[in-house]
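Please read the structure below before turning to the comments.
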Amino acid sequence: LKKASTPYLPEGSAVHAEKCERGQLQGSACKIVMENLWVARLARPDLIECITELATKVQCWSKNEDKRLFRLMCYMNSSAEYMLRGKVGDKPSDLKLLLFVDADLAGDPEDTKSKSGAFLVLAGPNTWFPIAWLSKKQSATSRSTTEAEIAALAMALFQEAIPALDLWDMLLGRQVQLFILEDNQATIAVL
């Protein structure tokens with residue numbers, strides 16, 4: 001395996017002619033991709049996007065997907081020391097939830113759909129404990145960055161944050177505060 005700084009192929013590495021040729025790993029690709037997805041869901045959110053994209057190609061696996069899977073494996077080997085860590089060092093009364101949300105605009109060149117990303121953390125002065133994360137393609141094409149960001153926020157809020165908020169309210173025996181961290185000024189103004 002080679003050293004790789006990202007799980008993605010460099011621009012121009014996926015050749016259109018190889019998109020139609022059957023990949024050598026087609027027979028075992030599903031097993032490999034799903035094992036990697038298990039690792040990513042457990043402790044490597046940086047891999048989720050790349051792996052889920054590969055998972056959509058297992059029925060029509062090409063030489064380009066062979067290259068993408070090889071690059072992913074090189075990156076995983078190069079970054080084996082990366083892991084998700086959590087630390088809790090505060091009283092329950094000092095804890096809050098932070099929801100980081102982001103989206104890209106028309107990030108998928110095949111269909112122009114945006115992708116939503118979110119990261120939910122239990123936080124305090126001496127606490128940083130990741131609870132959930134998501135990276136998911138949006139179901140419709142957004143017409144603006146603001147629209148993509150609002151769709152991402154809605155997805156993260158209703159799929160992850162509100163259910164977690166109910167759970168943490170019950171576990172801590174009090175109403176836990178949820179802070180949403182959004183980087184798009186127009187989205188903040190709209191909300």
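Things to note:
- Spacing of the modelled spin labels on ARG143 and TRP128, each 7 Å from Cα toward Cβ, amounts to 4.0 nm.
- The label point for HIS16 and the one for LYS136, both projected 7 Å from the Cα toward the Cβ, are 3.4 nm apart.
- Accessible surface of the chain, 1.4 Å probe: 58 percent of it comes from carbon and sulfur atoms.
- Heavy-atom accessible area per residue - segment 1-139, 1.4 Å, Å²: 58
- Those aspartates and glutamates that a straight Cα-Cα span of less than 15 Å connects to LYS67, excepting residues fewer than 8 apart in one chain: GLU11, GLU18, GLU21, GLU53
- Debye intensity ratio I(q)/I(0), log10, segment 1-64, q values 0.14 Å⁻¹ (C-alpha model): -0.45
- If you wrap segment 35-109 in the convex hull of its Cα atoms and look at it from every side, the mean projected area works out to 7.4 nm².
- Over segment 53-155, equivalent-ellipsoid semi-axes from the Cα gyration tensor in Å: 31, 23, 9
- Of the whole protein surface, PHE70 contributes about 100 Å² of accessible area at a 1.4 Å probe radius.
- Applying a threshold of 28 Å to the alpha-carbon distances of LYS3/LYS113; LYS63/LYS136; LYS3/LYS87; LYS87/LYS137 flags LYS3/LYS113; LYS3/LYS87; LYS87/LYS137 as lying beyond it.
- Mean Cα-pair separation over length for the chain, i.e. relative contact order, pairs under 8 Å, 6 or more apart, %: 20
- Other residues whose C-beta falls under 14 angstrom from the C-beta of SER93 contribute a net charge of 0, scoring Lys and Arg +1 and Asp and Glu -1.
- Against the chain, whose longest principal axis is taken from its Cα atoms, helix 63-78 shows a tilt of about 50°.
- When the chain is treated as a GNM with alpha-carbon contacts under 10 Å, the residue of GLU149, GLU53, GLU21 showing the greatest mean-square fluctuation is GLU21.
- Distance distribution note for the chain: the fraction of Cα pairs above 24 angstrom is 50%.
- Estimated distance in nm for a label pair at ASP183 and GLU35, the labels positioned 7 Å out from Cα along Cα-to-Cβ: 3.4
- Two-site FRET efficiency, VAL88 against PHE158, from Cβ-Cβ distance with R₀ of 25 Å, rounded to 0.05: 0.45
- Crossing angle, helix 45-55 versus the chain [Cα axis fit, 0-90 degrees, rounded to tens]: 40
- Cβ-based net charge around ASP66, under 11 Å, with every Lys or Arg adding one and every Asp or Glu removing one: +3
- Helix 26-43 axis versus longest C-alpha principal axis of the chain: approximately 20°, rounded to the nearest ten.
- With contacts taken as Cα pairs under 8 Å and at least 6 residues apart, segment 53-165 reaches a relative contact order of 23 percent.
The values are calculated or read from the model by the stated rules, or taken from the named source; none is laboratory data. Source: prediction; values computed, not measured. FYI the Cβ positions are ideal-geometry reconstructions off the backbone, even for glycines, and counts take in every protein chain you see. The accessibility values were calculated without ligands, DNA or RNA, using every heavy atom of the protein model including side chains. Shrake-Rupley method; radii C 1.70, N 1.55, O 1.52, S 1.80 Å.
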